[in-house]
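A.B. asks: Just dropping this structure here.
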Amino acid sequence: MQVKKAIIPAAGLGTRFLPATKAMPKEMLPIVDKPTIQYIVEEAIASGIEDIIIVTGKGKRSIEDHFDHAFELEATLREKGKQDMLDSVLQTSKVEIHYIRQKQPLGLGHAIWSARKFIGDEPFAVLLGDDIVENDEPCLAQLMNQYDQTGNSVIGVQQVAPKDTNRYGIIDPISVEDKLIGVNRFVEKPAVGTAPSNYAIMGRYILTPEIFGFLGEHQYGAGGEIQLTDAIQKLNEVQPVYAYEFEGRRFDVGEKYGFIETTIEFALKRPELRNQLLELFEKKLKESYSNK
Ligand code: UTP
């Protein structure tokens, strides 16, 4: 069975970006001029996903508005002949997206569980907005290929520095064949020095529907939240769950430094911004050297 549906959970509180996220979803924070969630939706579509469901929560209405038509704005841009802007606005309203509300932010695992009726009895993808991955072949498409070959759940991983393992779900690998990894155990945010490897789960998953049985147990894990990683570990005990070290540069937009770094990197790719930014950096570097 092919993977056609994707869940994008977006019901978290976004506390790392407070106060910006007090009244605004963190998924709507822009990298240059595009909300982070739009990069994620574009990756899903480029990978061949046909149906997307976004799990939203309190204060997340602007996500729905973003992917809807904005008739007044469209009419005004049309009247003024601002075709480029009109095209960019129309692009986001073409996508067919479904929404469901997670009534309480009880954790990522609970957000995924909330979408079970939309998924039914099919394998599905999960994409988290905290990671943007740049690669010719989209990250999710790479995982979908691995699913096609194995028929089992596949979790996207990349290697991180040992000092950072406590920020991620980490795998305990059994065997590595090319980039496909058999997994003994999945551990959520192990303390530094206790991680079984430095392969970290990076916000892209292909899961079989049996995961819902484990998510439905509603067991609270690390941070007092219902963790997806814990349910994946239980799934792994009854059917193989693979990890796949995907190709591509991953940008961590879920925390402040990564967000700023990504903004700078993406802005430097824009011809209209590049030279001005480089001049600014040169000036700042000179200032910092002369202050030493
Ligand atoms: P994070 O922990 O990165 O997101 O959850 P957060 O809670 O929004 O952010 P911080 O940590 O407070 O800054 C990973 C993903 O799971 C979703 C988030 O929206 C994010 O995409 N999530 C998390 C839910 O949808 N529901 C939840 O109850 C928790």
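A.B. asks: Condition (residue is touching a residue at least 40 places away in the same chain (Cβ under 8 Å), assigned to a helix (DSSP H, G or I) and closer than 23 Å to Ala161 by Cα) applied to the stretch 260-276: is it met by at least one residue?
C.D. replies: yes
A.B. asks: Would you confirm, using the coordinates I've provided, whether Ile52 is of a type in the set (A, V, I, L, M, F, W, C), closer than 25 Å to Glu247 by Cα, more than 9 Å from the ligand (Cβ to nearest atom) and in contact (Cβ under 8 Å) with a residue 12 or more places away in the chain?
C.D. replies: It is true that Ile52 is of a type in the set (A, V, I, L, M, F, W, C), closer than 25 Å to Glu247 by Cα, more than 9 Å from the ligand (Cβ to nearest atom) and in contact (Cβ under 8 Å) with a residue 12 or more places away in the chain.
A.B. asks: Do any residues in the stretch 1-25 that are farther than 24 Å from Ala115 by Cα have Cβ atoms under 7 Å from those of residues that are at pLDDT 95 or above and part of a loop (DSSP other than H, G, I, E, B), where the two are at least six apart or on different chains, and which pairs are they?
C.D. replies: So the pair list comes out as Phe17/Leu29; Ala20/Leu29.
A.B. asks: Out of the residues in the stretch 66-89 that are under 19 Å from Ile45 (Cα atoms) and among the charged types (D, E, K, R), state the one that is modelled with the lowest pLDDT. Step through it out loud before you land on a result.
C.D. replies: Pass one, the stretch 66-89, residues under 19 Å from Ile45 (Cα atoms): 66-69, 87-89.
Then keep just the ones that are among the charged types (D, E, K, R); that gives 68, 87.
Values: Asp68: 85, Asp87: 88.
Per the criteria, the residue is Asp68.
A.B. asks: Residue check: is Leu77 more than 20 Å from the chain's Cα centre (by Cα), open to solvent by less than 80 Å² (accessible area, probe 1.4 Å), more than 16 Å from the ligand (Cβ to nearest atom) and under 21 Å from Ile31 (Cα atoms)?
C.D. replies: Criteria not met by Leu77.
A.B. asks: Just one of (1) assigned to a helix (DSSP H, G or I); (2) over 25 Å from Lys4 (Cα atoms); (3) within 16 Å of the ligand (Cβ to nearest atom); (4) open to solvent by 30 Å² or more (accessible area, probe 1.4 Å) trips up Leu280, so point out which.
C.D. replies: (3)
A.B. asks: May I pose another question? Among the residues of the stretch 1-33 satisfying the criterion of being within 26 Å of Ile206 (Cβ to Cβ) and away from the ligand (no atom under 12 Å from the Cβ), which is most open to solvent (accessible area, probe 1.4 Å)?
C.D. replies: The qualifying residue most open to solvent (accessible area, probe 1.4 Å) is Met1.
A.B. asks: Of these, Val3, Val32, Val55, which one is aliphatic (A, V, I, L, M) and closer than 20 Å to Pro138 by Cα?
C.D. replies: Values: Val32 fails: closer than 20 Å to Pro138 by Cα; Val55 fails: closer than 20 Å to Pro138 by Cα.
Val3 is the lone residue from the list that is aliphatic (A, V, I, L, M) and closer than 20 Å to Pro138 by Cα.
A.B. asks: Look at the stretch 80-112 and say how many of its residues are open to solvent by less than 70 Å² (accessible area, probe 1.4 Å) and over 30 Å from Gly221 (Cα atoms).
C.D. replies: 9
The values are calculated or read from the model by the stated rules, or taken from the named source; none is laboratory data. Not measured: the values here are computed from a predicted model. A quick note on method: Cβ atoms are made from the backbone with ideal geometry, for glycine too, and the neighbour counts reach across all protein chains shown. Just the protein is used for accessible areas: all its heavy atoms, side chains included, with ligands, DNA and RNA removed. Shrake-Rupley method; radii C 1.70, N 1.55, O 1.52, S 1.80 Å.
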